[in-house]
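Engineer: Quick one: structure below, then a few questions.
The values are calculated or read from the model by the stated rules, or taken from the named source; none is laboratory data. Keep in mind that what you see is a predicted model, and the values were worked out from it rather than measured. Positions of Cβ are backbone-derived with ideal geometry, glycine not excepted, and every protein chain shown enters the neighbour counts.
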Amino acid sequence: MTVIATAGHVDHGKSSLVRAITGIEPDRLTEEQRKGMTIDLGFAHITTQSGTTLSFIDVPGHTDFIRTMISGVSGVDIALLVIDAGEGWKPQTEEHLGILEVLGVTTGVVTLTKCDRVSSELLAQRTADVNARVKESSIHWKEVVHTSAHTGEGLEHLVSVLETLSQHEYRPVRRGAQRLFVDRVFTIKGSGTVVTGTLDTAPLHLSDSLVVARTSEPIRLRTLQVHGETVEHCDPGSRCAANISGVDAHQLVRGDALIAPTSWKMTDVFDANITTLTELPRPLTHRGSFTIHVGSHFQSASVRIIGAELIAAASSGLVRVRFAQPLPLVPGDRYLLRDTSTNSTIGGGTILDVDPIVRVSRAQPTGSVESIMSGRGFIPVEEARRLTGQPLEPVVGRWFATPNVVETALTHLTQQLEVHSELSMSQLLPYERDLVALIPDVVRQGDVLRLRTATPLASHPLASEIRSWGITGPSSSTVDRNIMRQLIQDGIVFEHDAIAFHSDSLHALRPHLESLWALSPQGFTVSQLREQLGITRKHAIPLSECLDKMGLTRRMGDCRLPGRTW
Ligand SMILES: Nc1nc2c(ncn2[C@@H]2O[C@H](COP(=O)(O)OP(=O)(O)OP(=O)(O)O)[C@@H](O)[C@H]2O)c(=O)[nH]1
Ligand SMILES: [Mg+2]
């Protein structure tokens with residue numbers, strides 16, 4: 001399905017065109033019909049002969065309803081810019097074009113409508129004029145179609161152009177977890193609360209558990225509909241109607257978002273790029289009162305300009321935008337900025353950072369993972385995904401960090417190990433405890449970490465000799481005590497009552513210990529150990545003591561239970 005939003009000056013024939021194409025009345029309010037003017041968003045759709053569904057959102061053209069217009073065009077695929085062939089280009093044609101551009105609409109069609117009322121000379125002149133104006137636009141305008149809602153002229157051609165665009169030219173990029181910005185809320189007798197919106201994120205399934213972003217209240221999806229038909233899931237880019245339970249209609253408003261819980265960063269500030277419209281009543285500075293629009297939502301905001309004093313018309317720059325009510329946002333989201341005091345659209349752009357941590361004077365947002373992660377070190381990967389909108393994988397444990405941060409942390413940790421010869425796990429930060437696994441040559445014994453490379457003693461002939469003794473060695477009282485002390489200090493050798501064991505020999509006893517505990521879960525005695533290994537008391541007692549020292553066992557009365565390094 002493709003969602004197409006109308007745009008254009010008041011009374012230029014938008015609703016008439018949608019009605020003529022779809023046979024559905026987009027102006028459903030009595031007030032709209034009485035005044036002959038669109039006040040609220042209208043919805044209509046048509047399935048073409050080849051089976052393509054074109055979904056229309058009809059917006060009001062009157063400047064008083066510009067906020068509603070912005071809510072309607074947010075997240076759409078294709079724009080239909082409607083111009084009265086008699087009147088030609090008007091102020092809201094210009095403003096609506098700017099709004100579509102800053103909201104990132106990529107493709108569109110212009111129609112010169114009410115062609116039944118103009119001469120062919122005027123039509124040719126208007127066509128040339130419109131072509132000249134849209135030539136500079138960032139939106140790819142497919143062509144200028146001549147139509148009349150009254151005679152039906154050009155309608156078939158317009159539908160086929162829209163159909164081609166929806167099939168070939170539009171390539172949506174949909175991101176992230178579920179988020180539906182609500183543009184309508186109402187109650188259906190017997191069914192309860194229904195919300196509708198244009199879905200521009202991941203598909204929505206009946207089984208999804210969602211919350212209202214503003215209140216965190218959980219809601220349940222009872223049924224989903226697309227154009228009146230009940231469906232199991234709504235695809236990205238579709239008009240979605242959801243019958244929900246958990247909240248009443250009066251608890252929701254247009255601009256609320258239903259979101260997958262814990263998948264979104266709720267934020268009251270963002271850094272973004274901005275492109276300003278070609279004509280502004282005054283350059284953008286931090287002075288003034290502003291409104292931001294994201295999705296179908298808008299609210300008051302304050303603006304600081306990053307790296308400049310002001311941004312003039314038809315320019316680009318960077319801004320930091322703050323607002324009172326937190327929103328579920330992700331880098332890549334489009335936003336629009338209006339000047340509330342002059343009631344004019346300033347511009348808008350792409351959100352680059354939803355949790356800026358550096359001061360405005362030092363901010364340099366780019367939207368890249370590196371820029372977003374800058375200054376954050378190691379953070380839980382779920383948080384990194386929320387902040388970047390990218391499907392990042394943890395670098396170690398449950399942590400994410402950029403490669404240079406990982407590199408620095410590894411170097412630091414290795415240096416610490418070299419300087420102190422050993423470190424206790426309890427001295428380390430949570431991410432460092434996972435990071436040690438990435439350091440080659442690190443030896444962990446219980447709570448203690450050492451570098452194998454920091455113990456060249458491990459290859460000392462005395463160590464090899466003690467290893468060759470196994471668990472029934474001779475007295476160690478005659479060996480070089482200096483070397484022996486260092487071997488013990490480094491955890492290579494364990495000694496009790498002049499009987500020494502190499503740590504490798506103690507490790508090798510694991511299968512025996514396992515069988516002993518299988519027989520005596522409450523712990524084994526020295527005699528049991530002696531029998532199991534076929535050794536004498538002379539070796540069994542020092543061996544038990546050394547197993548305790550190493551942490552493979554721990555003593556409880558006369559018994560040995562699994563120790564801290566087991
Ligand atoms: N002759 C002629 N009149 C038209 C045509 N299309 C619309 N009109 C008339 O133009 C007037 C405005 O039409 P709408 O469709 O309500 O215009 P709109 O752009 O939806 O207006 P807003 O939603 O208020 O911005 C109505 O009186 C229509 O009957 C057309 O193709 N030919
Ligand atoms: Mg209308």
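Engineer: Hey, among S315, S263, S300, which residue is of a type in the set (S, T, N, Q), touching a strand residue (DSSP E or B) at 6+ places or on another chain (Cβ under 9 Å) and under 22 Å from M69 (Cα atoms)?
Structural biologist: Working: S315 fails: under 22 Å from M69 (Cα atoms); S263 fails: under 22 Å from M69 (Cα atoms).
Residue meeting the stated conditions: S300.
Engineer: When the residues of region 1-31 are narrowed to those that are basic (K, R) and more than 7 Å from ligand 1 (Cβ to nearest atom), which ends up farthest from G72 (Cα to Cα)?
Structural biologist: Taking region 1-31 first, the residues basic (K, R) are 14, 19, 28.
This time we only want the ones that are more than 7 Å from ligand 1 (Cβ to nearest atom), so: 19, 28.
Working: R19: 17, R28: 15 Å.
Among those residues, the one meeting the criterion is R19.
Engineer: Given the options A5, A20, name the one that is of a type in the set (A, V, I, L, M), within 14 Å of ligand 2 (Cβ to nearest atom), more than 13 Å from I99 (Cα to Cα) and crowded, with 18+ Cβ neighbours inside 10 Å.
Structural biologist: Sole residue among the options that is of a type in the set (A, V, I, L, M), within 14 Å of ligand 2 (Cβ to nearest atom), more than 13 Å from I99 (Cα to Cα) and crowded, with 18+ Cβ neighbours inside 10 Å: A20.
Engineer: Checking T68 against (1) under 37 Å from the mean Cα position of the chain (by Cα); (2) within 17 Å of H157 (Cα to Cα); (3) within 11 Å of ligand 1 (Cβ to nearest atom): exactly one of these is not met. Which one?
Structural biologist: Of (1) under 37 Å from the mean Cα position of the chain (by Cα); (2) within 17 Å of H157 (Cα to Cα); (3) within 11 Å of ligand 1 (Cβ to nearest atom), only one is false for T68: (2).
Engineer: So, T127, is that one away from ligand 2 (no atom under 15 Å from the Cβ), without any contact (Cβ under 8 Å) to a residue 24 or more places away in the chain and not assigned by TED's automatic domain parsing to the domain that holds A313 or not? If you could, list the steps in order and put the result at the bottom.
Structural biologist: On the way: away from ligand 2 (no atom under 15 Å from the Cβ): yes; without any contact (Cβ under 8 Å) to a residue 24 or more places away in the chain: yes; not assigned by TED's automatic domain parsing to the domain that holds A313: yes.
Yes.
Engineer: Still on this structure: If I ask for residues that are more than 8 Å from ligand 2 (Cβ to nearest atom) and either under 35 Å from the mean Cα position of the chain (by Cα) or basic (K, R) (or both), which ones from region 8-17 would you list?
Structural biologist: Selection gives G8 alone.
Engineer: While we're looking at this one, here's another question. Take A79 and tell me if it is more than 30 Å from S238 (Cβ to Cβ), surrounded by 16 or more Cβ atoms within 10 Å (Cβ to Cβ) and in contact (Cβ under 8 Å) with a residue 12 or more places away in the chain.
Structural biologist: Details: more than 30 Å from S238 (Cβ to Cβ): no; surrounded by 16 or more Cβ atoms within 10 Å (Cβ to Cβ): yes; in contact (Cβ under 8 Å) with a residue 12 or more places away in the chain: yes.
No.
Engineer: Where the second residue is of a type in the set (A, V, I, L, M) and in a loop (DSSP other than H, G, I, E, B) and the first is farther than 25 Å from D333 by Cα and lies in region 381-404, which pairs have Cβ atoms under 9 Å and are six or more apart or on separate chains?
Structural biologist: Hits for this filter: V395/A401; P403/V395.
Engineer: Please verify whether region 57-64 includes one or more residues that are modelled with pLDDT under 95, away from ligand 1 (no atom under 14 Å from the Cβ) and among the polar types (S, T, N, Q).
Structural biologist: Scanning region 57-64, I find no residue that is modelled with pLDDT under 95, away from ligand 1 (no atom under 14 Å from the Cβ) and among the polar types (S, T, N, Q), so the answer is no.
Engineer: Restricting to region 227-250, what's the tally of residues that are in a strand (DSSP E or B) and either aliphatic (A, V, I, L, M) or not assigned by TED's automatic domain parsing to the domain that holds D183 (or both)? Talk me through it step by step, then tell me what you get.
Structural biologist: Residues of region 227-250 that are in a strand (DSSP E or B), as a first pass: 229-231, 233-234, 239-245.
Retained after the next criterion (residues that are either aliphatic (A, V, I, L, M) or not assigned by TED's automatic domain parsing to the domain that holds D183 (or both)): 231, 241-242, 244.
So the answer is 4.
Engineer: If you check A242, A213, A249, which single one turns out to be among the small types (G, A, S), within 24 Å of F298 (Cβ to Cβ) and in contact with an Asp or Glu (Cβ under 8 Å, 6 or more places away or on another chain)?
Structural biologist: Details: A242 fails: in contact with an Asp or Glu (Cβ under 8 Å, 6 or more places away or on another chain); A249 fails: in contact with an Asp or Glu (Cβ under 8 Å, 6 or more places away or on another chain).
Only one candidate qualifies: A213.
Engineer: Something else now. Can you tell me which of E136, E121 is within 30 Å of P331 (Cβ to Cβ), surrounded by fewer than 19 Cβ atoms within 10 Å (Cβ to Cβ) and either assigned by TED's automatic domain parsing to the domain that holds G51 or without any contact (Cβ under 8 Å) to a residue 12 or more places away in the chain (or both)? Spell out how you get there, then give the answer.
Structural biologist: Values: E121 fails: within 30 Å of P331 (Cβ to Cβ).
Exactly one of E136, E121 is within 30 Å of P331 (Cβ to Cβ), surrounded by fewer than 19 Cβ atoms within 10 Å (Cβ to Cβ) and either assigned by TED's automatic domain parsing to the domain that holds G51 or without any contact (Cβ under 8 Å) to a residue 12 or more places away in the chain (or both), namely E136.
Engineer: Quick test for you: out of I39, I46, I57, pick the one residue that is surrounded by fewer than 24 Cβ atoms within 10 Å (Cβ to Cβ) and within 15 Å of ligand 2 (Cβ to nearest atom). Reasoning before the result, please.
Structural biologist: Values: I46 fails: within 15 Å of ligand 2 (Cβ to nearest atom); I57 fails: surrounded by fewer than 24 Cβ atoms within 10 Å (Cβ to Cβ).
Of the residues listed, the single one that is surrounded by fewer than 24 Cβ atoms within 10 Å (Cβ to Cβ) and within 15 Å of ligand 2 (Cβ to nearest atom) is I39.
Engineer: As an exercise: evaluate T47 against (1) more than 17 Å from T2 (Cα to Cα); (2) of a type in the set (S, T, Y); (3) without any contact (Cβ under 8 Å) to a residue 12 or more places away in the chain and give the number of the one condition it does not meet.
Structural biologist: (1)
Engineer: So for region 347-357 (the condition being more than 15 Å from D271 (Cα to Cα) and loosely packed, with under 15 Cβ neighbours inside 10 Å), does at least one residue qualify?
Structural biologist: Keep residues of region 347-357 that are more than 15 Å from D271 (Cα to Cα), which gives none.
No, there is no match, as no residue in region 347-357 is more than 15 Å from D271 (Cα to Cα) and loosely packed, with under 15 Cβ neighbours inside 10 Å.
Engineer: Name the residue that is modelled with the highest pLDDT, counting only residues in region 489-546 that are under 56 Å from the mean Cα position of the chain (by Cα), acidic (D, E) and assigned to a helix (DSSP H, G or I).
Structural biologist: Looking only at region 489-546, we keep the residues that are under 56 Å from the mean Cα position of the chain (by Cα), and these are 489-495, 501-524, 543-546.
Next, from what is left, pick out any that are acidic (D, E): 490, 495, 504, 514, 545.
In the following step, the residues that additionally are assigned to a helix (DSSP H, G or I) were identified as 504, 514, 545.
Details: D504: 88, E514: 94, E545: 97.
Residue satisfying both the conditions and the ranking: E545.
Engineer: Applying the selection to region 309-328, what residues are aliphatic (A, V, I, L, M) and either touching a residue at least 60 places away in the same chain (Cβ under 8 Å) or in contact with a Ser or Thr (Cβ under 9 Å, 6 or more places away or on another chain) (or both)?
Structural biologist: Filtering region 309-328 down to residues aliphatic (A, V, I, L, M) leaves 310-314, 318-319, 321, 324, 327.
Listed by number, the residues that qualify are L310, I311, A312, A313, A314, V321, A324, L327.
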